[in-house]
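Only one structure is covered here, and it is reproduced in the block below.
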Amino acid sequence: MRTLIFRTAAPFITALMLLLSVFVLLRGHNDPGGGFIGGLIAVAAFAVQGIAFGVPVVRRAIYFHPMAIAGSGLLLAALSGVLSYAFAVPYLSGLWSAPSLFGVTVDVSTVLFFDIGVYLVVVGGITSIALSLEEREDG
Amino acid sequence: MQRGTFLTFIVLLLPLLGAALAPLLTRWAGGKAGWLLAIVPSLVFLHFLGMLGMVSEGQPITGGFDWIPSLGVRFSWLLDGLSLTFALLISGIGTLILIYAGGYLDGHPQQGRFFSFILLFMGAMLGLVVSDSFLMLFVFWELTSITSFLLIGFDHEREASRRAALQALLVTGLGGLSLLAGLLVVTQATGFNDLSTLLGSGDALRSSPLYMAAFVLVLGGAFTKSAQFPFHFWLPNAMEAPTPVSAYLHSATMVKAGVYLLMRLNPVMGDTAAWETVLPLFGGTTLLVGTLLAVRQTDLKLMLAYTTVASLGLLVMLTGFGSELAVEAAVLYLIAHSLFKGALFMVAGLLDHETGTRDVTALGGLRKAMPITFAAALLAALSMGGLPLFFGFLAKEEIYAALGFGNGWAALATLVAVAGNSLMFAVAFAVALKPFIGAERKTPKQAHEGPVSLWLGPLVLALAGLLAGLASGWVHAGFSSPMASAVAGRAVEVTISTVPHIGMALLLSAVTVGLGIAAYLSLGTLRGGMAALLTTIGWGPDRGFDQFVRGMLHASVGVTRIVQNGRMDTYMTVTFVCVAAVLLVPMILFGEFPAVPVFPDLQLHEWAIILMAVIGIGAVVYAKSRLVAIVSLGIQGLAVALLFMLFGAPDLSFTQFMIETLSVVILALVMTRLRLALSDHRPLGQKLFDMSVAGLCGAGFGLLLLKVTQQPFNDALSQFFNAYSRTIAHGRNVVNVIIVDFRGFDTLGEIAVVMITGLAILALIRIRAKPDAGKAKEIGR
C-alpha cells in the first residue's frame, strides 16, 4: 500500500478530509452533516494517514490518546446540558445566543457544543479501534 | 416540623459525610482522628436523644421526602420507641467504637479507610432502623451487608479474612434477596409499601392468603442476618475482622437487624401459630447450639461470638413467644446485651492488643497490670451473668417471669433458657475473670494498661449496664416501655426493678447462677467433651457452605463450557439461526405475509445502481479470496448509499458512505489480525447449511421490511419535527436537529455506548497482544 504516489498524496488527503469533517460538523444544523458524519470522516482521514505512514506517526500527530478524546467528548456533551439547570428548563434543552463578533452575528448554542461532543466521541472511539488494529498488522 | 424533618435528614447523612472526610482527617491526625470522628456519631446521638421525650410519651416522629414519586416510593422515616432505642444504641456505641478504633488501629497504614468503612456502616445501620418505606429498608439492609463485607475483609491480605467476608456476604446477601421478596409479597397482600401504614392495619396481613409466603421469606432475611441456626456459622467466622468491628457490628448492632425486623413486624405478623412455633423453635435451638459451641472455644473473641449467636437465639425465642412479658424480656435483654457484649468484645481486643494473645488458656494474673480493664470486664460480666443490681439481672428475671411453667411448651423453653443462660454465665466469667486472676503468665507482649482511648469504651458501656440497673425506673420510662409498646403493638409498661422479689423467677435466677458457677469450674472438662463430640459429628454448616460454593462453581463452569465454547463460528451460527427464527416463525404462525408488491417503474440510472448492488453481492459469494469478498461487500453498500441519495435522504446516504468505507478498512484489518486463511475451506455440507441460514435471514428481513412499508404510515412525528425544527430548534436540517436537540438524551446514551464499545474492543485487542497467556488463546480462537 505504501507506494510513492499514495505517500505523497496522503498528507493532502488527510488534511482536506479533516477540514471537511469540521466543515460538515459545523454546517450540520442546517444542511446535511453533523457530529456523527463529521466524526466518521475524520476517522477515515486518520486511517488513511495510518495506512500511508504507520500508526506511530498518527499517534504522535494527534498527541492525545484517542480514548481520552472520546472521553472528553462524552464529558462535553453531558456538560452542555447542565447549563439548562441555570435557566430552569429540562436537562439538555437547547439554549441559543447570537453574539456579534467583529460585526458578524454568530449563532452559539449548547446544541453546538453537544454536537462537538458527539464528534469527539466518534473520532476518539473509532480511531482508537482502527489504530489498534493497524498496529497489530505492523507488529 | 419542616425544620425538624430537614434536620433529621441531615443527621441521617452525617455518618456518610464523616466517611468521606475520614481518610483525609486520619492522614492529618493519625489515631487521634478517632476522637475527632467520634463527634459525628455523638451529634447523631444528641439529635435522637432530643426526641426521647416526645417518643416516650407514645408519639412516633415521622418525616421524609418523595424519592421516586412516579413509583410512590418515599425516603421516609418512622421513629418510635423501637427504632429510637436502636438509633441511640447505634450512635452511642458507635461513638465509643470510633474512639476505641483510633487507639486499636493506631499507626495502621489503612486506618483512614477503616474509619471510612465503619462510618459508612453506621450510616447504613441508622438508615435501616429508622426506615419507614419498604424500599428504603431493603436498600439500607443491603448496605449493611456490603459494609460488613468490607469490614470483615479489611485485613484483605489474609485468606481467612477474605473467605469470612465472602461467606458473610453470600449468607446475608441471600437473606437480603429473601427479604426483598418477602416485602414485595407483603405489599402484594396488603397494598401498603411502608411500615407506618402496615403497622396501623391490624389483621390485614395475618388474614391474607399470602401470609405464609411473606412469613417464610421475611424469616429468611431475619434468620440469616441474625445468625440463627443453621445460618449461624458466618458470625464466628466474621471474627476475622478487627476487634472494633466485632464489638460493633457483630455483637451490638448489625446482627440485631434481624431481631429488629422480627420485633418491627411482630404487631402485624406475630400472634399466629406459625410465628409462635417457628421462632421459639429456631431461637431455642440457636441458643443451645451457640452456648455449647462457645464452651468449646479458647479464643476470647470466638467464645464471645458464639455467646452472641446464643443471645440472638434467645431474643428470637422471646420475640416469638407471644406474651407481653416475653416482649418486655426481649427488649430488656436486647439493651443489656448491647451494653455488656460491646464492652466484653472491646476488653477482648484490649487484652489482645496489650498482651499479643487472646487465647484464654495462655492468659492469667493480669489484674495488677491492667486494673481498669479488669474493672470494666468484671462489671460487664456481672451484667452478662445476670447478677443483682445490673441491667442484665432485670432482663433475666423478666425472661423467667415471662416463660414460666404454664404448659409443657413454656416449661421446655424455660429449661432451654436456664441451660443457655448458665453456660453463658460460665463463658462470661471465663472471658472476664480468668485472664485476670491466678498466677501471672508470660505473654508475647509485656502486658500493661492500654491508653485511655482503649479502656474508655468498655468502661463506659459496663458502667452503663450498672447504672441502667440502678436507675431502672428512668430507663424503663425512657426506653424499655416505649420500645416494648412498639414491639407489642399496644401500650405496655415495664415495671421490673432491682429490688429482689421472692418468686419463681428469682429461684430460677439462683439456679442459673449455681449451674453457671459449676460450669465455670468444670470448663476444661466441658471443653474437652464438646471437642470430642464435634470431632465425632465431623460435619457442620460451615463445611457445608464450602461444599455448596464448590458445587456451584463446578456447575457454572460446566454450563459456561456449553454456552461459551469459544468458537466464533458457533456463536455466529446460533445468532443468525435465532434471528431467522424470530423473523420468520411469527410470520408463518400468524400468516402475516406481506402482499406481493407492485413492481415500480425504474429509470435507467436506477437500474444501473441496482445492478451494481447485485454484482457486489454476487462477487461476495463467488470471491475466492476473503479480501475481495470484503471489498465487494463495500461496493454493494455504496450502491445502497447512492439509492438513499436519489430518494432524498442525504444525511443517511452521507453516513452510509462513511460507514461502508470504514467497514471495509476495519474488516480487512480484523481479517489480517485473525490470521484467517486467505480463501474459504469449508466442506460442502457446511457451506450448504450456512447458505440456507443466510438465505433465511435475508428472506426474513426482506419480508419484514415489505410488511412494514405496507402498514399505514403515521406521520404525526414527522409533521411535528418539520413544523418545529426551524421555529424552536433553530435548525433546517431535521435529521440533525432530532439527533442533537429533540432527542439529545438518546444521543447522549448512544455516544456513551460508542465510547464503552471502543474501550471493550481495545481491551480485547490488548489481551490478544500477549500470545504467551493461555487464556488469551482461548478467547481469540
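The values are calculated or read from the model by the stated rules, or taken from the named source; none is laboratory data. Source: prediction; values computed, not measured. Ideal geometry is used to build each Cβ from the backbone, glycine not excepted, and the neighbour counts take in all protein chains shown. To get the accessible areas, we keep the full protein, side chains included, count just its heavy atoms, and leave off ligands, DNA and RNA. Shrake-Rupley method; radii C 1.70, N 1.55, O 1.52, S 1.80 Å.
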For this session: Looking for whichever is open to solvent by 90 Å² or more (accessible area, probe 1.4 Å) and part of a helix (DSSP H, G or I) here; the options are B:Leu553, B:Leu583. Which one fits?
Result: B:Leu553
Exercise. From the list A:Ala88, A:Ala78, A:Ala44, A:Ala61, which one is of a type outside the set (Phe, Trp, Tyr), open to solvent by less than 20 Å² (accessible area, probe 1.4 Å) and without any contact (Cβ under 8 Å) to a residue 60 or more places away in the chain?
Worked result: A:Ala44
Problem set entry | Qualifying residues in segment B:1-15 (those that are buried (at least 18 other Cβ atoms within 10 Å of the Cβ) and touching a residue at least 40 places away in the same chain (Cβ under 8 Å)) - the one farthest from the chain's Cα centre (by Cα) | B:Thr8
Exercise. Yes or no: B:Thr655 under 48 Å from the mean Cα position of the chain (by Cα), of a type in the set (S, T, N, Q) and closer than 21 Å to B:Ala613 by Cα?
Worked result: yes
For this session: Take B:Leu676 and decide whether it is part of a helix (DSSP H, G or I) and among the aliphatic types (A, V, I, L, M).
Result: no
Exercise. Of all the residues that make up segment B:507-531, how many are at pLDDT 85 or above and within 24 Å of B:Gly465 (Cβ to Cβ)?
Worked result: 13
Exercise. Is it true that A:Ile13 is surrounded by 14 or more Cβ atoms within 10 Å (Cβ to Cβ), part of a helix (DSSP H, G or I), more than 10 Å from chain B (Cβ to nearest Cβ) and free of Cβ contacts under 8 Å to residues at least 40 places away in the same chain?
Worked result: yes
Exercise. If you check B:Val693, B:Val737, which single one turns out to be more than 14 Å from chain A (Cβ to nearest Cβ), β-branched (Val, Ile, Thr) and in a helix (DSSP H, G or I)?
Worked result: B:Val693
For this session: With respect to A:Ser97, determine if the residue is open to solvent by 30 Å² or more (accessible area, probe 1.4 Å), more than 10 Å from chain B (Cβ to nearest Cβ) and modelled with pLDDT of 90 or more.
Result: no
Seminar exercise, completed: Selection over segment A:46-77 where residues are more than 7 Å from chain B (Cβ to nearest Cβ), among the hydrophobic types (A, V, I, L, M, F, W, C) and closer than 19 Å to B:Val754 by Cα yields a count of 6
Exercise. Tally time: how many residues in segment A:41-63 are more than 24 Å from B:Phe657 (Cα to Cα) and in contact with a Gly (Cβ under 8 Å, 6 or more places away or on another chain)?
Worked result: 1
Exercise. Would you call B:Val621 open to solvent by 80 Å² or more (accessible area, probe 1.4 Å), more than 30 Å from B:Val737 (Cβ to Cβ) and more than 53 Å from the chain's Cα centre (by Cα)?
Worked result: yes
Problem set entry | Test: residue in segment B:714-726 that is open to solvent by less than 90 Å² (accessible area, probe 1.4 Å) and within 12 Å of chain A (Cβ to nearest Cβ) | yes
Exercise. What helices (runs of 4 or more DSSP H), lying completely within segment B:185-261, carry at least 1 residues that are of a type in the set (Gly, Ala, Ser)?
Worked result: B:195-199, B:211-225, B:243-247
Exercise. Give me the pairs: first residue in segment B:107-125 and free of Cβ contacts under 8 Å to residues at least 12 places away in the same chain, second residue among the hydrophobic types (A, V, I, L, M, F, W, C) and crowded, with 22+ Cβ neighbours inside 10 Å, beta-carbon distance under 8 Å, and six or more apart or on different chains, which are they?
Worked result: B:His108/B:Phe114
Problem set entry | Residue identified as open to solvent by less than 10 Å² (accessible area, probe 1.4 Å) and under 35 Å from the mean Cα position of the chain (by Cα) among B:Ala417, B:Ala410, B:Ala402 | B:Ala417
Exercise. Quick one: A:Ser109 ticks every box in (1) surrounded by fewer than 23 Cβ atoms within 10 Å (Cβ to Cβ); (2) farther than 23 Å from B:Val734 by Cα bar one, so which box is it?
Worked result: (2)
For this session: Under 9 Å between Cβ atoms, at least 6 apart or on separate chains: pull out the pairs that start in segment B:25-51 with a residue that is within 19 Å of B:Ile93 (Cβ to Cβ) and end on any residue that is open to solvent by 20 Å² or more (accessible area, probe 1.4 Å) and not in a helix (DSSP H, G or I).
Result: B:Gly34/B:Asp106; B:Met51/B:Ile61
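For (1) open to solvent by 10 Å² or more (accessible area, probe 1.4 Å); (2) more than 21 Å from B:Thr172 (Cβ to Cβ); (3) of a type in the set (Val, Ile, Thr), each residue gets a yes or a no:
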{"residue": "B:Pro267", "(1), (2), (3)": "yes, yes, no"}
{"residue": "B:Gly290", "(1), (2), (3)": "no, no, no"}
{"residue": "B:Ala326", "(1), (2), (3)": "no, yes, no"}
{"residue": "B:Leu339", "(1), (2), (3)": "yes, yes, no"}
{"residue": "B:Leu344", "(1), (2), (3)": "no, yes, no"}
Exercise. Of the numbered conditions (1) over 25 Å from B:Gly290 (Cβ atoms); (2) in contact (Cβ under 8 Å) with a residue 12 or more places away in the chain, B:Lys442 satisfies every one except a single condition; which is it?
Worked result: (2)
